[in-house]
Amino acid sequence: MIKVVIDGKSYSANKGERLIDIILRNKIDVPHLCYEEGLSTTGSCGLCLVEIKGKGVLKACEQEVYEGMEVITESEQLEEERKKAFLFLLTYTSHPTECLFCDRYSECSGADNCLKGLDIKKGCKLCPKDGDCVIQRLAERFGLLGSNIEIKKVREKRYREINEPFFIRDYNYCLLCSKCIRVCYERRLQNSCIAYVEQEGHLIHFTEKACVFCGSCIDICPSGVFQNDESRPDTWIKSVCPYCGCGCGIELGIKDGSLVKVKGDKDGINKGELCVKGRFGISFVNSNERLKTPLLKHNGSFKPISWELALDIICKKFKENIGKIGVLGSAKLTNEENFLIQKFSRLVLKTNNVDHCARLCHSPTGVALSMSLEYSAMTNSISDVEEAKTIVVIGANPTENHPIIGLKIKRAKANGSALIVINPKRIELCEMADLWLSPAPGTDAALLTAIAKIIVENGLQDTEFIEKNVTGFNEYKDYLSSISLDEVIDICGISKEELYSAAELYAKRKPSAIYYAMGITQHLNGTQNVLAISNLAIITGNIGIRGGGINPLRGQNNVQGACDMGVLPDLLPGYKAVWKAEERIQFEQEWNEKLPAEKGLTLIEQKKAILDGRINVLYIIGENPVITDPDVEGTKEALKKVDFLLVQDIFLSDTARLADLVLPSASFAEKEGTFTNTERRVQILNKALDPPGSSMSDQEIICMIAKKMGYEKQFSYTSSEDVFQEIRKLVPEYRGITYERLRKGGIQWPCYEEEDPGTEILYKDGFKKKARLFKIDYLPKDKTTEKDYPFLLITGRSIFHFHSGTMTMKIEGLNQILPEPFVEINPTDAFKLNIKEGDQIRIISKKGEIKAKAIISEKLKEKTLFATFHFPSSPVNRLVEDDFDPLAKIPAFKAIPVNIKLLKLSH
Ligand code: SF4
């Protein structure tokens, strides 16, 4: 540390720091515009002038501090120089001045109410910076408000880019500070995304296709280049993004009872950064298509009815069918609502037939990690990503599906971590990976077991960790010796050299972290895949250490929470077994009633039970199985056959259209509650809006039905916090978490006491029971190609849509970027079949067929295809069979044998 004297006061600084950082850290008033902490320095605005003893007037952003440096920041001369620099900047960039020099800008309430009566077409326009315009503040600082200074315009009119999905770019406002370019390259690590190019003789920013619309350039622009319809909010309410499992903090900008803008919460795990869905995909809450009243189907069409009548019908149907009812909760709902869904099912409907969409994404994680370790959850934290020396990303595409975690992985790689990507598709991370292994789809268990064999046979395991923490190592070692490396190589199609490189990097360069997602779990051997990952982390001692761990990336915002809350047919909240009297009793005592002891039916089993008459009534809350379940036609058939289908949702989804009765519910922005993100972090949502029409939160609806069914006492809650108090009593891992604490920031479970800060890294202090190794059945189990179905289709997601599109397809900009279903195909296959980019093709499996637009892509190997499951118009899950993994009961979404036929030429 060194000492620097600024305006006569001494400040500590790190040697080599930039002077401006010390100035800003200590809130010393020096104007600046092009400087941004954490980005490179350009000094282009010339505003941060200070006087340095012995050196003269210089830009603070360009000066490194040194011991004894003496600085003056306040003087008439400095202010005059800064003003000159400011006026030069405005002249040089031909910046408009109408709004800038307005003496009433601080009272400005928008273009419609201009206090100066300006015709906005000619003069000032609504400030796209929410009144937070840096240059307007500078104009005030330099006494320019109300002035008639003529800024000599170098050019009258500059280019405006209007064909952007979320904003227009008006280069008349550009100050050439290059902040947008630097934030894109340096902070978001987007290559070739944004740059200056010359247009009509002027420099403008040009965005390549690679833009993922994270919005960072808009947020950082000090001027008004990026403009859209977002108006200035009256108030900001903190919440949590309702899309992926990253759990980014967002702030909802509210004006006149509507959502007008969203920004990242700097206190969130995302530190204010967002992806396109979090930044631009939230306004679905304002959609006119929101359900506003209960709807009853009569003669094939829906009619609005009163809540009273709806409740009468529902209770009658439920009472008549006790024992023959299935319930589906949702990973989109809050913990409190999911807790109530399973309580309602078990207590009121007397059934354990309650499940949710985690069955289709991470059920193998739940099964495998509770077998090998203790908790079925990510062992480490999102912030750990950047601590890993080696990162393995297997069966996941984080930059697309978990963008903020993907960004952290890119930063870790840029800062020196080794990166191994294991994926049949050439995903974005492959471009920077040290090693990309592209196994045949469905062969991950073989590949991972081969790596474990190499590690153990070359003595690369962590013997000390194993002796202290692991049971069954000798048997596991014997099992590995019995495996033929040549056989596994043959199965997964990866060379011995590549497998050795992966084994050495992972085992020798610790801490090593594995990140995985549905490319691992959505197979008929999904549980074996996760066990194989767990084996690798255990034998190398990569558990319980910062930067290591087994890190399942949850697809939806509250997958972890819905599982924690026991929306599972065999597990009560806190993963207590329904079939064990000693684990059930606590719930029975709390709820004052006996609970069913028999394991219930999973989501797929419920569908089969409908078809053979064991289930008559289905209650679906916040899910859209018609699009998201395998075997779309079979799902539709079951939903049509059920005697009474009750659907509760915010939109009339494809599933809701089949319902007998639809209940309108509140969105995440219209209620209070908590979500638990992929790293076990419980975070609070605040109510920002009133729900539309007579819609209500799922909590209110479930409690209303339960009370009418005679369970007044057990469902009389005054708030979501009231429900959370009950969760705390029944789920020990949540016991120390309170709403009061959550209002100050998220807390990671397990958290047993109110003084407990929560758990960033599981097993850091050892294991209650020793970690277990498992012999893996590594033979692939998914169906494979055959003569009539010579391609393997991999299904997945796009960054621009989410799940079945019920929310994202209400956003015009997202639809503009990704308007229709597509299938990616390798150029060689396309050439052989005479398929050109944009042609419409049919994809046919044994289960059904869909149509999609062909995209020729070198990211895929020959004979493999890729399609997303988002589009109801072309439901990819129609092609998926509903065979499942015997332990986790998940279907194989990731390797579907198909054929393709050219349908229509694009030209
Ligand atoms: Fe939302 Fe996930 Fe994007 Fe974060 S990364 S803004 S949680 S979709």
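The values are calculated or read from the model by the stated rules, or taken from the named source; none is laboratory data. Remember, it's a predicted structure, so these values are computed and weren't measured experimentally. For neighbour counting, all protein chains shown are included, and Cβ atoms are generated from backbone atoms with ideal geometry for every residue, glycine included. Accessible surface is based on the protein model in full, side chains and every heavy atom, while ligands, DNA and RNA are left aside. Shrake-Rupley method; radii C 1.70, N 1.55, O 1.52, S 1.80 Å.
Please count how many residues of the range 602-630 are open to solvent by 20 Å² or more (accessible area, probe 1.4 Å) and of a type in the set (D, E, K, R).
4
Taking the options H803, H870, name whichever one is touching a residue at least 24 places away in the same chain (Cβ under 8 Å), on the phi > 0 side of the Ramachandran plot and not basic (K, R).
After applying the criteria, what remains is H803.
Considering only the range 606-710, give the helices (runs of 4 or more DSSP H) lying wholly within it that have at least 2 residues that are closer than 28 Å to C241 by Cα.
Passing ranges, in order: 625-628, 654-657, 698-708.
Which residue, of A502, A440, A507, is modelled with pLDDT under 95, surrounded by 16 or more Cβ atoms within 10 Å (Cβ to Cβ) and either farther than 25 Å from T785 by Cβ or aliphatic (A, V, I, L, M) (or both)?
A440
Out of the residues in the range 153-197 that are charged (D, E, K, R) and open to solvent by less than 30 Å² (accessible area, probe 1.4 Å), state the one that is modelled with the lowest pLDDT.
Checking each candidate, the answer is R158.
Please specify each residue of the range 258-295 satisfying the condition of being under 18 Å from F802 (Cα atoms) and over 17 Å from the mean Cα position of the chain (by Cα).
Scanning the range 258-295 gives V285, N286, S287, E289, R290.
What number of residues within the range 360-411 are assigned to a helix (DSSP H, G or I), more than 23 Å from Y243 (Cβ to Cβ) and hydroxyl-bearing (S, T, Y)? I'd like the intermediate steps shown before the answer.
First, the residues of the range 360-411 that are assigned to a helix (DSSP H, G or I): 360, 363-372, 382-387, 398-401, 403-411.
Filter again for more than 23 Å from Y243 (Cβ to Cβ), leaving 367-372, 387.
Among the residues that remain, those that are also hydroxyl-bearing (S, T, Y) are: 370, 372.
So the count comes out to 2.
For the range 829-859: of the residues being in a loop (DSSP other than H, G, I, E, B) and more than 25 Å from I627 (Cα to Cα), which is most open to solvent (accessible area, probe 1.4 Å)? Before the answer, list the steps.
Pass one, the range 829-859, residues in a loop (DSSP other than H, G, I, E, B): 833-839, 845-848, 857-859.
Adding the requirement that they be more than 25 Å from I627 (Cα to Cα) leaves 833-837, 857-859.
Details: L833: 69, N834: 88, I835: 10, K836: 93, E837: 101, S857: 10, E858: 150, K859: 96 Å².
Among those that are in a loop (DSSP other than H, G, I, E, B) and more than 25 Å from I627 (Cα to Cα), it is E858.
Identify, please: which residue in the range 247-266 is out of contact with any strand residue (DSSP E or B) (no Cβ under 6 Å at 6 or more places or on another chain) and among the basic types (K, R) and is, among those, most open to solvent (accessible area, probe 1.4 Å)?
Filtering the range 247-266 for residues that are out of contact with any strand residue (DSSP E or B) (no Cβ under 6 Å at 6 or more places or on another chain) and among the basic types (K, R), the one most open to solvent (accessible area, probe 1.4 Å) comes out as K266.
So in the range 226-246, with the set limited to residues that are among the hydroxyl-bearing types (S, T, Y) and more than 16 Å from the ligand (Cβ to nearest atom), which one is least open to solvent (accessible area, probe 1.4 Å)?
Checking each candidate, the answer is S231.
Yes or no: G547 at pLDDT below 95 and either open to solvent by less than 20 Å² (accessible area, probe 1.4 Å) or of a type in the set (F, W, Y) (or both)?
Details: at pLDDT below 95: no; either open to solvent by less than 20 Å² (accessible area, probe 1.4 Å) or of a type in the set (F, W, Y) (or both): yes.
When the stated conditions are applied, G547 does not pass them.
Residue check, H32 against (1) farther than 26 Å from R188 by Cβ; (2) in contact with a helix residue (DSSP H, G or I) (Cβ under 7 Å, 6 or more places away or on another chain), all met but one. Which one?
If we test H32 against (1) farther than 26 Å from R188 by Cβ; (2) in contact with a helix residue (DSSP H, G or I) (Cβ under 7 Å, 6 or more places away or on another chain), just (1) comes out false.
Are any residues in the range 168-188 touching a residue at least 12 places away in the same chain (Cβ under 8 Å), out of contact with any Asp or Glu (no Cβ under 9 Å at 6 or more places or on another chain), part of a helix (DSSP H, G or I) and under 18 Å from E37 (Cα atoms), and if so, which ones?
The answer is C180, I181, C184, E186.
Identify all residues within the range 610-651 that are over 22 Å from G848 (Cα atoms) and aliphatic (A, V, I, L, M); write none if there are none.
I615, V617, L618, I620, I621, V642, L645, L646, V647, I650
Specify which of the listed residues (S40, S94) is among the polar types (S, T, N, Q) and open to solvent by less than 40 Å² (accessible area, probe 1.4 Å).
Residue meeting the stated conditions: S94.
Report, by residue number, each residue of the range 585-601 that is assigned to a helix (DSSP H, G or I) and open to solvent by less than 100 Å² (accessible area, probe 1.4 Å).
Answer for the range 585-601, where residues must be assigned to a helix (DSSP H, G or I) and open to solvent by less than 100 Å² (accessible area, probe 1.4 Å): I585, Q586, F587, E588, E590, W591.
Only one of S301, S258, S283 is hydroxyl-bearing (S, T, Y) and within 16 Å of the ligand (Cβ to nearest atom); which?
S283
Out of the range 723-755, which residues are assigned to a loop (DSSP other than H, G, I, E, B), surrounded by fewer than 15 Cβ atoms within 10 Å (Cβ to Cβ) and over 25 Å from the mean Cα position of the chain (by Cα)?
E753, E754, E755
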